[in-house]
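Student: First, the structure itself, so that you have it in front of you.
The values are calculated or read from the model by the stated rules, or taken from the named source; none is laboratory data. Everything quoted here is computed from the prediction, not taken from an experiment. Positions of Cβ are generated from backbone atoms using ideal geometry, with glycine treated the same way; all protein chains shown enter the neighbour counts. With ligands, DNA and RNA removed, areas are computed over all heavy atoms of the protein, side chains included. Shrake-Rupley method; radii C 1.70, N 1.55, O 1.52, S 1.80 Å.
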Amino acid sequence: MNKKISVIIPIYNSEKYVKQTLNFVRFQSYKNLEIICVLDCPTDNSVEIVKEIAKEDNRIKLVEHSKNMGLAVARNSGIENATGEFLHFMDSDDLLSCNFYEIMINAAIENDADVSACSVFNEKKPKQSIWFAKDEVIFGREKIKKTEVLFRGWIWRYLIKRDFWDKHSFSFPNLVIMEDLPVAIPMIYHANKIAVCSDAVYFYKNRENSLLNENENTDFSKEQKKIRKKNVSKAKKAMKDVMKTYSIKRPNKWLWLKERILGKFICVNNFVEHGKSDKKISIIIPIYNAEKYLKQTLDSVRYQTYENLEIVCVLDCPTDSSAKIVKEAAKEDNRIKIIELSKNMGLPAARNSGVENAMGEFLHFMDSDDLISPDFYEIMIGSAENSDVDIAACSVLYEKKPWRSIWFQKSEILSNTDDKIKKTEVAVQGWAWRYLIKKDFWDEYQFSFPDLVPMEDKPVMIPMIYYANSVALCPSAVYFYKNRESSILNKKYDPVREKQRSENRQKARKIFKDFMRENKIKRPSKLLYYVKKIRIK
């Protein structure tokens, strides 16, 4: 597939983030891109940053406005200057999964679809994220419902055929906010079909000072407030007119109310300065029969905004092509260190081997079939370094069981023992991969994973959180727990093995329960914990 994609990025006062955004577009697995940066008269250093990057990459095309025109006009200017066969609109402070365009364009071409749609992680309002459960092609009436376009009209969710866009003369109305919906709804309606791409993820950061967002605390003048109010009214009227024109049924009031309730759940994150820390992080990835997902996992680690990484891949005698995949990746990336075990030892022993071979100042454990947000390590190590904590803890999206996800609502430093245990939720969700850990701290207490699959984490993690000087909570660093079949953790059912697993669970429970009792740590009620989880905040 060698069709050109025109990526249109309006830019206004995004100097803190635009370099990362452009790099995540530039270093995609799909290379035939035209990156159109529409400079909408920013008053910070955005122009200088973009022009410097453009010297390194001739795919970047600059369009400069003579005066500030706003997001809608900037996008329309980008379209006028686009020469690609597909269009993608992007904000100047967001990020993409590293194979975003490859997945999206392949789905569009293979299914001859006018539009392909991606999953979305909404950093500020994670409960409003969109996670497509599977790849599929949507036709007819299902297009409006399944794309959720009436609730989330964000245009950057879509890769669009240029011929289709021109055929219907789509254009963004000049509104300060809500300019997407009057375009996105008819676009989805007219598309012959929509190719849904579950593994292509757009990371919506929704940060301050961008072209789209004034800070929530911005003190608008009366005139500005009046203009914004008018724009909202115009956008709502345009949306209603579109729905009326195309006989699109409006969703019931309960669904609208549910969206507003979900919108109240907001994660507040501390700003982490890009490039401030240079400490090495050792990522330990035990690998056993993960060929289906391993490349995506490795790419998720390799293509991070933070680059000083040591990727320790512990090959636990896989019987599929996992070893080959790792060795191919190692040829391209000298940060990958391969440890080959002589016999299958299981997850705990593989992790312990990884620690023994780790040279970094921080440790992170990762499963071979999971994913992390593109700025995961930047956020985690930034928080750890700024606050001098032993541990940084991330949010978790549990894909198969969303109610078990963990969303920290604000950046916070925990020093009190009760707060550390309660707020990290370690006594209920003991997963080791939730934490970035100082190597000196790990070594000081001689932590080690017991050979107790499937509950090897809690006997280590609970004492680890207890002994840590303090723990930094990082809401916007997200670990995407996939829990897929055929990994080192999940093997085919075997009666003898299941008996051993049951015995291991009992042993693990005894270890961490004894520790909690000896140290007077109150055990949480699981029932109350999950009732609180399921409740809409």
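Student: Taking amide H positions as placed in the peptide plane 1.01 Å from N, state which residues far from E64 in sequence (5 or more) or on other chains have amide H under 5 Å from it.
Tutor: The answer is L39.
Student: Ok, one more. Taking amide H positions as placed in the peptide plane 1.01 Å from N, state which residues far from S368 in sequence (5 or more) or on other chains have amide H under 5 Å from it.
Tutor: Result for S368 returns I488.
Student: Another question, then. Nearest 0.05, what FRET efficiency do S233 and N416 give at R0 = 51 Å with Cβ-Cβ as r?
Tutor: Values: r = 48 Å, r/R0 = 0.95.
The value I calculate is 0.60.
Student: Here's something else I'd like to know. For the chain, build the convex hull from the C-alpha positions and give me its volume per residue in Å³. Intermediate values should be presented prior to the final figure.
Tutor: Numbers: hull volume 87.6 nm³, N = 537.
Given the Cα convex hull of the chain, per-residue volume reads 163 Å³.
Student: Moving to a separate point now. Rounded to the nearest 0.05, what FRET efficiency do E80 and D135 give with R0 = 30 Å and r taken as the Cβ-Cβ distance? Could you check?
Tutor: Details: r = 33 Å, r/R0 = 1.09.
The computed FRET efficiency comes out at 0.35.
Student: So, one more: So for the chain, averaging the separation of alpha carbon pairs under 8 Å that are six or more residues apart and normalising by length, what relative contact order in percent results? Don't skip to the end; give the middle numbers.
Tutor: On the way: 1053 pairs, mean separation 67.8, N = 537.
Answer for the chain is 13 percent.
Student: Sticking with the crude label model, points 7 Å out along Cα→Cβ, report the distance from I177 to K423 in nm, one decimal please.
Tutor: The two pseudo-label positions are separated by 2.9 nm.
Student: Pop a pseudo-label 7 angstrom from the Cα along the beta-carbon direction at both S525 and K225 and give the gap in nm to one decimal.
Tutor: Between S525 and K225, the label points sit 4.4 nm apart.
Student: Tell me, what is the per residue accessible area of the chain in Å², probe radius 1.4 Å?
Tutor: Numbers: 24500 Å² over 537 residues.
For the chain, the per-residue accessible area is 46 Å².
Student: Report the one residue of N334, Y306, Y398 whose Cα lies farthest in the direction of the positive end of the charge dipole of the stretch 291-435 (charges on C-beta: Lys and Arg +1, Asp and Glu -1; origin at the Cα centre).
Tutor: Comparing the listed Cα positions along the dipole, Y398 ranks first.
Student: While we're on this one: With a cut-off of at most 14 other beta carbons within 10 Å, and DSSP calling the residue loop, which chymotrypsin sites (Phe, Trp or Tyr not before Pro) in the stretch 21-87 qualify? Please list them.
Tutor: Details: sites: F24, F27, Y30, F86; in loops: F27, Y30.
Passing both the DSSP loop test and the Cβ count: F27.
Student: Using only the alpha-carbon atoms, how far is helix 376-387 inclined from the longest principal axis of the chain? Give it as 0 to 90 degrees, nearest 10.
Tutor: 70 degrees
Student: Search the structure for amide H atoms under 5 Å from the amide H of E412, placed 1.01 Å from N in the peptide plane, and list their residues when 5 or more places away or on another chain.
Tutor: Amide H neighbours of E412: L473.
Student: Any idea of S502's accessible area? Nearest 10 Å², probe 1.4 Å.
Tutor: Using a 1.4 Å probe on the heavy atoms, I get roughly 50 Å².
Student: Here is a further query. Whole-Hz ³J(HN,Hα) for each residue in the stretch 179-190, computed from phi via Karplus 6.51 cos²θ - 1.76 cosθ + 1.60 with θ = phi - 60°, x for glycine and proline: what do you get?
Tutor: 3J(HN,Hα) across the stretch 179-190, in whole Hz: 7, 6, 4, x, 9, 5, 5, x, 4, 5, 4, 7.
Student: Report F170's accessible area, 1.4 Å probe, all protein chains in place, as a number in Å² to the nearest 10.
Tutor: It works out to around 30 Å².
Student: At a Förster distance of 45 Å, what's the computed FRET efficiency of K31 paired with E444, Cβ-Cβ distance as r, to 0.05? Present the calculation step by step, with values, prior to reporting the outcome.
Tutor: Values: r = 46 Å, r/R0 = 1.03.
The value I calculate is 0.45.
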